[in-house]
1. For segment 252-264, does any single residue satisfy the condition of being on the phi > 0 side of the Ramachandran plot and open to solvent by less than 60 Å² (accessible area, probe 1.4 Å)?
2. Working only within segment 182-200, note down all residues that are of a type in the set (A, V, I, L, M, F, W, C), touching a Lys or Arg at 6+ places or on another chain (Cβ under 9 Å) and more than 13 Å from Ile229 (Cα to Cα).
3. Considering only residues that are of a type in the set (Ser, Thr, Tyr) and either farther than 23 Å from Ile174 by Cβ or surrounded by fewer than 24 Cβ atoms within 10 Å (Cβ to Cβ) (or both), which ones fall in segment 99-147?
4. Just to verify a result, which residue in segment 148-181, among those that are farther than 20 Å from Tyr228 by Cβ, among the charged types (D, E, K, R) and touching a residue at least 40 places away in the same chain (Cβ under 8 Å), is most open to solvent (accessible area, probe 1.4 Å)?
5. Scan segment 311-335 for residues that are closer than 29 Å to Val100 by Cβ, assigned to a loop (DSSP other than H, G, I, E, B) and either polar (S, T, N, Q) or in contact with a Leu (Cβ under 9 Å, 6 or more places away or on another chain) (or both) and report the count.
6. Of the conditions (1) in a helix (DSSP H, G or I); (2) open to solvent by 70 Å² or more (accessible area, probe 1.4 Å), Ala308 satisfies every one except a single condition; which number is it?
7. Just wondering, is there one or more residues in segment 196-212 that are over 30 Å from Pro342 (Cβ atoms), at pLDDT below 95 and surrounded by 18 or more Cβ atoms within 10 Å (Cβ to Cβ)?
8. Does segment 228-237 contain at least one residue that is closer than 14 Å to His290 by Cβ, free of Cβ contacts under 8 Å to residues at least 60 places away in the same chain and among the polar types (S, T, N, Q)?
Amino acid sequence: MARKRRNPIHLDDLPGLFDSLEIDMTRPDMAGDLIARHRAQAATLAADREADAAAADFRLAPTAVSPTDRLMFISFGSGSSGNCAYLGNGKEGILIDAGVDPDTVKARMRDNGIDFKGVRGILVTHDHSDHVRFAYKLLRKQNHMLMYATPRTLSGMLRRHSISSRIKDYHKPIYKEHPFDIGAMRITPFETSHDGTDNVGFHIAYGSYHKFVVMTDTGHITERGDFYIRQAHYLMIESNYDARMLADGAYPEYLKARIASDHGHMDNAHTASYLASAASEGISHVFLCHLSHDNNTPELALSASRKALETVGLSVGDASGSLDTRDADVQLTALPRFDTSPLYVFREPKQV
């Protein structure tokens, strides 16, 4: 006896893919219950997402920062006693120079919710001791890290300092004007002017809009440095000495001449004058770095740059995030010589 077939459902009676369904949720069958539960769960999930988005701008804990749209910066020391900084998203990032001891770097990263295991490498600007002293100690047994330096800079490090030759095992050669990638960062080294070996600055692009430029230890703004700075949103730039303090100070004449030369360091007035010409290009944050302990003060460096920026019509904040100054055209601060700076979290810069 042939099995009786069920009456087929005509295709015209089925809803289309994009039709709005009006279903009687009171019917007792299983399908109705499943659909009701699915819709309730979807509504709850959507509400949670909206609440998270609304609260995002009020979160202050570094661990709450999204790794996809924000960039984090912290300096562990900036000056002749040691230079080292972190740039990344909290989960993945880089160190810039290695002149601060690893215990301090790791502790301050931990305090700010930054994972040291996420550090992919160290960018080396040049081979002076205050920038490379702890490079091997930071790299040793860290298989997730490399040291990014030009071949000549590595040679200078090994020639000038008592650094283990095993550091070569961690070396990744880089070359000026040749971009390379570390995670989500595209990094371009460029020429600076200092009396180290093959000195470089870095243009670091993260995501679609964050551009951070590092230009420390340089006697003047090089042509390529100027090119990259005018693309930057955030700038870490040297403001090493006050010219009068250097001239009247106790340094021997040969050292004064070396510092003031085109292959030495930039003074406050030089840095301030340059910022006045470049900051209107779109720079939202300026970090004055490598201030001399003997020939400068943070107050003198900040005053010179602030006056120069205000002279060209820009409002200047103090990078503290206070209600009074957070909407200023440029946020300006001096990185501490011996201590760790606050953690700075950058959102999408203003469009210009």
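The values are calculated or read from the model by the stated rules, or taken from the named source; none is laboratory data. Computed from a predicted structure; not experimentally measured. A quick note on method: Cβ atoms are made from the backbone with ideal geometry, for glycine too, and the neighbour counts reach across all protein chains shown. Remember, those area values only see protein heavy atoms, side chains included, never the ligands or the DNA or RNA. Shrake-Rupley method; radii C 1.70, N 1.55, O 1.52, S 1.80 Å.
1. Step one: of segment 252-264, the residues on the phi > 0 side of the Ramachandran plot are none.
No, segment 252-264 has no match at all.
2. Taking segment 182-200 and keeping what is of a type in the set (A, V, I, L, M, F, W, C), we get 182, 184-185, 187, 190, 200.
The next check asks that each one be touching a Lys or Arg at 6+ places or on another chain (Cβ under 9 Å); those that pass are 182, 185, 190, 200.
Listed by number, the residues that qualify are Ile182, Met185, Val200.
3. Step one: list which residues in segment 99-147 are of a type in the set (Ser, Thr, Tyr), which gives 104, 125, 129, 136.
Thr104, Ser129, Tyr136, listed by residue number.
4. Filtering segment 148-181 for residues that are farther than 20 Å from Tyr228 by Cβ, among the charged types (D, E, K, R) and touching a residue at least 40 places away in the same chain (Cβ under 8 Å), the one most open to solvent (accessible area, probe 1.4 Å) comes out as Arg152.
5. 6
6. (2)
7. The first filter runs over segment 196-212 and keeps only residues over 30 Å from Pro342 (Cβ atoms), leaving 197-198.
Those still in the list that are at pLDDT below 95 too: 197-198.
Filter again for surrounded by 18 or more Cβ atoms within 10 Å (Cβ to Cβ), leaving 197-198.
There is at least one residue in segment 196-212 that is over 30 Å from Pro342 (Cβ atoms), at pLDDT below 95 and surrounded by 18 or more Cβ atoms within 10 Å (Cβ to Cβ).
8. Residues of segment 228-237 that are closer than 14 Å to His290 by Cβ, as a first pass: 235-237.
Pick out the ones that are also free of Cβ contacts under 8 Å to residues at least 60 places away in the same chain and you get 235, 237.
Checking which are among the polar types (S, T, N, Q) leaves us with none.
No, there is no match, as no residue in segment 228-237 is closer than 14 Å to His290 by Cβ, free of Cβ contacts under 8 Å to residues at least 60 places away in the same chain and among the polar types (S, T, N, Q).
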